[in-house]
Amino acid sequence: MKPSTLWAYTFLSRQRFKKKMNIYQLTLRTVIDKTIAFYLSVFFGYLFMTMFVFGNVLSEYEEQFLWMQSQGERYFYLLIAVIPFRYIFLSFRHPGVMFSSSEYQLSLLPYSRQHIWFLSFLNKVIKKLLVMVFFGFGLFLLTPINGTLILNYFGMFFLIDLGMTIPQWFMFQRNIFIKMLFWFLFVTINSIAFFVQLDLFTMVTIIGVLIFINIWFYPRLFVGVDWGKVMTVCDYHLWNMAFVSRVSQVRIKPQRKYSLMKKLSYRKKPFRYTFRSIHHRIWQIAFIRNIEYIIQLVGVLVLMLAVLNYIPKTGFMFIGIAVALYVYAAGSTSFFINQFQADLVEVLPWDLMAYKQSFLKWYVIGSLPILMPMITYFTLHFTWWVPVQFILILLTGLYIYHVEINYSIAVLSKAEIVFVKARWVSFVFLCIVIGSSLYPMLACFFPLIFPFLTEQRSFSLL
């Protein structure tokens, strides 16, 4: 008689858990012996008793916990609108349900692959529920935060995680355009909720959309699934144990497949061998290779600015814009430098200034999503100063780009050029951007950027 699917899956999970525990034990034995383990347990036990039993340390932070409770009650519905974006980011590197090569091998036996998938899904749900109950109960016992608020938050996290599992599985199988479609869907919901100004509308709309998406995708759950890609990613997340890698100094890297480049039709056309075309093709390959990290960087900045749209105080939005300008430029600089420290490009004598000119196109393309929440904000808070403020923001972002890229070129060329003055000027312009929120007349100083911008554009190592 064939064992049931549930028995086979639980047997597989138990054996895998035992194997991981054995690996952790072997790793711990190479670092900590029994004597050190005994003294560490005594030390941490004494520390716990001193802080939480006799010292009552958490009572000293009662005001901070009560402030956190008031902020949590105030922004509860805002978090409901923001959390689904997290699963869109995760869909680039995780299918949402752990289906490794072990589960796949089990499905080659007389067991239904669909049943194994649902058992993996149920396993994930139970683990998440136990973790949330543990942390929620700990917060209820150790902090003065209201139990109802804790229950609402962890219940919201659990329900959204449950509702976004199938969409995340679906997005993981599809290309970036489907992910962007989901992104614009939730951005549209947030924009409508911002105009309506009803918290209950936000919650009902998102729950309704999640229910509709799950009903729509459920019959298509196993259509067009790239099981090889799913197994590769799940095996990496399953066996990439950070502590073991740290001790053994052996880093596990996921297998990369650049399938997106193969699907682009224009790449099959004859290639024109000009410096401009070669530069853009190299940047295109680098862009696609690092698409996950680029989308995470841009997505976090867009999400930050979208959240700041809901804060009534004007100054916070302009502070967020200044932070976004600098962080995006710094991230682009890191991307620029990394391109010349890997692959064939590292050992070839390229013209870095020509690379800088060709990189500007990709810098502008990547910044377009960041402009969306800015445009939304300035549309809702339109004054006659808005066009001048927008010009100031664009010129400041362009100046910071030239300063940071010129600095990276100097680093790559090992040239002894000081950029202290240019970076101080960048800081001053960022302060003017922030100050223009309270004093819009400061935006009229934007013509001052042109001579500094001209100086950085004509930068030369000679």
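The values are calculated or read from the model by the stated rules, or taken from the named source; none is laboratory data. Not measured: the values here are computed from a predicted model. Quick reminder, even Gly has a Cβ in these numbers, built from the backbone with ideal geometry, and neighbours come from all protein chains shown. Just the protein is used for accessible areas: all its heavy atoms, side chains included, with ligands, DNA and RNA removed. Shrake-Rupley method; radii C 1.70, N 1.55, O 1.52, S 1.80 Å.
Quick test for you: out of Ile116, Ile192, pick the one residue that is over 23 Å from the mean Cα position of the chain (by Cα) and surrounded by 18 or more Cβ atoms within 10 Å (Cβ to Cβ).
Going through Ile116, Ile192 in turn, just one is over 23 Å from the mean Cα position of the chain (by Cα) and surrounded by 18 or more Cβ atoms within 10 Å (Cβ to Cβ): Ile116.
Which residues, taken from the stretch 85-132, are among the hydroxyl-bearing types (Ser, Thr, Tyr) and assigned to a helix (DSSP H, G or I)?
Within the stretch 85-132, Tyr87, Ser101, Ser102, Tyr104, Ser107, Ser120 qualify.
Quick check: anything in the stretch 234-242 over 26 Å from Trp183 (Cα atoms), at pLDDT 70 or above and surrounded by fewer than 12 Cβ atoms within 10 Å (Cβ to Cβ)?
Looking for residues that are over 26 Å from Trp183 (Cα atoms), at pLDDT 70 or above and surrounded by fewer than 12 Cβ atoms within 10 Å (Cβ to Cβ), one finds at least one in the stretch 234-242, hence yes.
Could you identify the single residue in Arg174, Arg220 that is open to solvent by less than 70 Å² (accessible area, probe 1.4 Å), more than 24 Å from Asn309 (Cα to Cα) and charged (D, E, K, R)?
Residue meeting the stated conditions: Arg174.
Kindly check whether there is at least one residue in the stretch 160-169 that is surrounded by fewer than 17 Cβ atoms within 10 Å (Cβ to Cβ) and either in a helix (DSSP H, G or I) or in contact (Cβ under 8 Å) with a residue 40 or more places away in the chain (or both). Steps first, please.
Kept after step one, since they are surrounded by fewer than 17 Cβ atoms within 10 Å (Cβ to Cβ), are these residues of the stretch 160-169: 162.
Okay, now just the ones that are also either in a helix (DSSP H, G or I) or in contact (Cβ under 8 Å) with a residue 40 or more places away in the chain (or both), so 162.
Yes, the stretch 160-169 has at least one match.
Given the options Ile213, Ile206, Ile145, name the one that is surrounded by 15 or more Cβ atoms within 10 Å (Cβ to Cβ), assigned to a loop (DSSP other than H, G, I, E, B) and touching a residue at least 24 places away in the same chain (Cβ under 8 Å).
Selected residue: Ile145, the only one of Ile213, Ile206, Ile145 that is surrounded by 15 or more Cβ atoms within 10 Å (Cβ to Cβ), assigned to a loop (DSSP other than H, G, I, E, B) and touching a residue at least 24 places away in the same chain (Cβ under 8 Å).
Need the failing condition index for Thr143 against (1) over 24 Å from Val302 (Cβ atoms); (2) among the β-branched types (Val, Ile, Thr); (3) modelled with pLDDT of 85 or more, just the number.
Just one mismatch for Thr143, condition (3).
Only one of Leu352, Leu380 is over 30 Å from Phe177 (Cβ atoms), more than 26 Å from the chain's Cα centre (by Cα) and either surrounded by 13 or more Cβ atoms within 10 Å (Cβ to Cβ) or modelled with pLDDT under 85 (or both); which?
Unique residue meeting the criteria: Leu352.
Please tell me if Phe65 is open to solvent by less than 90 Å² (accessible area, probe 1.4 Å), modelled with pLDDT of 85 or more, over 30 Å from Leu210 (Cβ atoms) and assigned to a helix (DSSP H, G or I).
For Phe65, the condition - open to solvent by less than 90 Å² (accessible area, probe 1.4 Å), modelled with pLDDT of 85 or more, over 30 Å from Leu210 (Cβ atoms) and assigned to a helix (DSSP H, G or I) - is not met.
Condition first: without any contact (Cβ under 8 Å) to a residue 24 or more places away in the chain and more than 20 Å from Trp362 (Cβ to Cβ). Now tell me which residues in the stretch 374-405 satisfy that.
Those that are without any contact (Cβ under 8 Å) to a residue 24 or more places away in the chain and more than 20 Å from Trp362 (Cβ to Cβ): Ile375, Phe378, Thr379, Phe382, Trp384, Val386, Pro387, Phe390.
Which residues, taken from the stretch 435-446, are under 11 Å from Thr396 (Cβ atoms) and in a helix (DSSP H, G or I)? Walk me through it before giving the result.
At the first step, the residues of the stretch 435-446 found to be under 11 Å from Thr396 (Cβ atoms) are 436, 443, 445-446.
Those that are under 11 Å from Thr396 (Cβ atoms) and in a helix (DSSP H, G or I): Ala443, Phe445, Phe446.
Among what's in the stretch 179-205 and is touching a helix residue (DSSP H, G or I) at 6+ places or on another chain (Cβ under 6 Å) and among the aliphatic types (A, V, I, L, M), pick the residue that is modelled with the lowest pLDDT.
Ala193
Here are Ile449, Ile417: which of them is aliphatic (A, V, I, L, M) and part of a loop (DSSP other than H, G, I, E, B)?
Exactly one of Ile449, Ile417 is aliphatic (A, V, I, L, M) and part of a loop (DSSP other than H, G, I, E, B), namely Ile417.
Can you pull out the residues in the stretch 127-142 that are in contact with a helix residue (DSSP H, G or I) (Cβ under 7 Å, 6 or more places away or on another chain), open to solvent by 20 Å² or more (accessible area, probe 1.4 Å) and more than 15 Å from Gly96 (Cβ to Cβ)?
As a first pass, look at the stretch 127-142 and keep what is in contact with a helix residue (DSSP H, G or I) (Cβ under 7 Å, 6 or more places away or on another chain): 128-129, 132, 136, 139-140, 142.
Then drop every residue that is not open to solvent by 20 Å² or more (accessible area, probe 1.4 Å), which leaves 128-129, 132, 139-140, 142.
If the condition is that a residue be in contact with a helix residue (DSSP H, G or I) (Cβ under 7 Å, 6 or more places away or on another chain), open to solvent by 20 Å² or more (accessible area, probe 1.4 Å) and more than 15 Å from Gly96 (Cβ to Cβ), then Leu129, Met132, Leu139, Phe140, Leu142 are the ones that fit.
Cβ contacts < 6 Å: first residue on the phi < 0 side of the Ramachandran plot, restricted to the stretch 406-426; second residue at pLDDT 80 or above and polar (S, T, N, Q), any location; separation 6+ or different chain. Result?
Listed by first residue and then by second, the contacts come to Ser408/Thr333.
Any residue in the stretch 228-246 that's over 19 Å from Thr27 (Cβ atoms): show its pairings with residues that are acidic (Asp, Glu) at Cβ separation under 9 Å, as long as the two are six or more apart or on different chains.
If the second residue must be acidic (Asp, Glu), the pairs left are Met231/Glu103; Cys234/Glu103.
Within the stretch 416-429, take every residue that is surrounded by fewer than 17 Cβ atoms within 10 Å (Cβ to Cβ) and not aromatic (Phe, Trp, Tyr) and give me the one that is farthest from Met317 (Cα to Cα).
If we take residues in the stretch 416-429 being surrounded by fewer than 17 Cβ atoms within 10 Å (Cβ to Cβ) and not aromatic (Phe, Trp, Tyr), then Glu416 is farthest from Met317 (Cα to Cα).
Picking from Ile400, Ile432, Ile365, which residue would you name as being surrounded by fewer than 18 Cβ atoms within 10 Å (Cβ to Cβ) and either part of a helix (DSSP H, G or I) or on the phi > 0 side of the Ramachandran plot (or both)?
Within the list Ile400, Ile432, Ile365, the selection yields Ile365.
Scan the stretch 292-318 for residues that are touching a Leu at 6+ places or on another chain (Cβ under 8 Å) and under 19 Å from Cys431 (Cα atoms) and jot them down.
Scanning the stretch 292-318 gives Thr314, Gly315, Phe316, Met317.
Which one of the conditions (1) in contact (Cβ under 8 Å) with a residue 24 or more places away in the chain; (2) open to solvent by 30 Å² or more (accessible area, probe 1.4 Å); (3) under 28 Å from Leu78 (Cβ atoms); (4) part of a helix (DSSP H, G or I) does Val300 fail to meet, given that it meets all the rest?
Status for Val300: all satisfied but (1).
Inspect the stretch 148-158 for any residue being within 18 Å of the chain's Cα centre (by Cα), aliphatic (A, V, I, L, M) and within 21 Å of Ile83 (Cα to Cα) and give the result as yes or no. Spell out how you get there, then give the answer.
Quick first cut of the stretch 148-158, residues within 18 Å of the chain's Cα centre (by Cα) only: 157.
Retained after the next criterion (residues that are aliphatic (A, V, I, L, M)): none.
The answer is no, given that none of the residues of the stretch 148-158 is within 18 Å of the chain's Cα centre (by Cα), aliphatic (A, V, I, L, M) and within 21 Å of Ile83 (Cα to Cα).
Can you spot a residue in the stretch 88-103 that is farther than 30 Å from Gly299 by Cα, modelled with pLDDT of 80 or more and touching a Leu at 6+ places or on another chain (Cβ under 8 Å)?
Of the residues in the stretch 88-103, the ones farther than 30 Å from Gly299 by Cα are 101-103.
Filter again for modelled with pLDDT of 80 or more, leaving 101-103.
Then keep just the ones that are touching a Leu at 6+ places or on another chain (Cβ under 8 Å); that gives 102-103.
Yes, because at least one residue in the stretch 88-103 is farther than 30 Å from Gly299 by Cα, modelled with pLDDT of 80 or more and touching a Leu at 6+ places or on another chain (Cβ under 8 Å).
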